[in-house]
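Here's the structure, in structure tokens; my notes come after.
The values are calculated or read from the model by the stated rules, or taken from the named source; none is laboratory data. As the structure is a computational prediction, the values presented were derived from the model and not from experiment. Cβ sites come from the backbone with ideal geometry, for glycine too, and all protein chains shown count toward neighbours. Heavy atoms of the whole protein, side chains included, go into the accessibility calculation; ligands, DNA and RNA do not. Shrake-Rupley method; radii C 1.70, N 1.55, O 1.52, S 1.80 Å.
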Amino acid sequence: MCTVCGCGETGGHEPHGHGHGHGPHEHAPAGGAIDFGAGLAGVHIAGLTQARTIAIEQDILSKNDAYARANRARLADAGVLAFNLLSSPGSGKTSLLVRMIADLGERRPIAVIEGDQQTSRDAERIRAAGAPAVQINTGKGCHLDAHMVGHALDALPLPRGGLLLIENVGNLVCPAAFDLGEAKKVVMLSVTEGEDKPLKYPDMFAAADLVVITKIDLLPHLDFDLPACLETARRVNPRAAVLAVSVRTGEGLPAFYAWIEARASLMAAPAGDPA
Ligand code: MG
């Protein structure tokens, strides 16, 4: 988990010693597999005890959660519905956002926060599609956090009744742990990635409110087992909705938009009060 991988404010690592809480049994290969996630912290950091790892993670996430609560309150006051889009790189997050701006933008104002390690390419694509966008470059960081998003909110128009779409850094691991203040998490998985991703990256899929399988227009060219993927996603997270779409052909998008509109209708947004 990246709360302790060096991209957070860890406060320095402890020197490595031999009394740091794991025995050889935890690292012994069983059936050819070594499980470094078997300890209480669920992660292994060389030089840190499990207890110290947990303490650092709690400290980082508690600070993040305070910023996330502030973002959530601010968005609620503004009557803006926010979605956090998460996936591996290349699953089609930006393409979906561009299509959403074209399909929904006239009815609902859309603003976008783009997260990438480097470049403003995605924010430029969003602006070219007609929506305001702020690019956050995380440098060596592998996820957006709520503090970053708060600064981006300062620079974005947030019309009442509008949508804030946050494209997280492409990564199926670390972004799962960081609440940004969004209303819902949308986890995307393209058919070129393999139907077993929900099993391999369960934390991300367990955090999802909606799982969207993308690029289904490519299915005739692939061995991807869509029913197996849908079943796997539901098994990892029974409470999440699961949809399959193609941004290229538009297949499945009406169901996706209906899901968004259903969430938007739940927001009590008094009319005529721009924020
Ligand atoms: Mg992108």
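Taking residues in region 224-245 that are over 9 Å from Ala206 (Cα atoms), and partners anywhere that are surrounded by 16 or more Cβ atoms within 10 Å (Cβ to Cβ) and among the aromatic types (Phe, Trp, Tyr), the pairs with Cβ atoms closer than 6 Å and at least 6 places apart or on different chains are Leu243/Phe256; Val245/Phe256. Out of region 78-102, which residues are touching a strand residue (DSSP E or B) at 6+ places or on another chain (Cβ under 6 Å) and more than 13 Å from the ligand (Cβ to nearest atom)? Passing the criteria: Val80, Leu81, Ala82, Phe83, Asn84, Ile101.
Just a yes or no: is a residue in region 31-39 open to solvent by 70 Å² or more (accessible area, probe 1.4 Å), more than 16 Å from the ligand (Cβ to nearest atom), of a type in the set (Gly, Ala, Ser) and at pLDDT below 95? Yes, that holds for at least one residue. Taking each residue of region 107-122 that is more than 10 Å from the ligand (Cβ to nearest atom) and looking for partners that are small (Gly, Ala, Ser) with beta-carbon atoms closer than 6 Å, six or more apart or interchain, yields Arg108/Gly162; Pro109/Gly162; Ile110/Ala131; Val112/Ala131; Val112/Ala133; Ile113/Ala152. Here Leu164 meets each of (1) away from the ligand (no atom under 14 Å from the Cβ); (2) under 14 Å from the mean Cα position of the chain (by Cα); (3) open to solvent by 30 Å² or more (accessible area, probe 1.4 Å) with one exception, condition (3).
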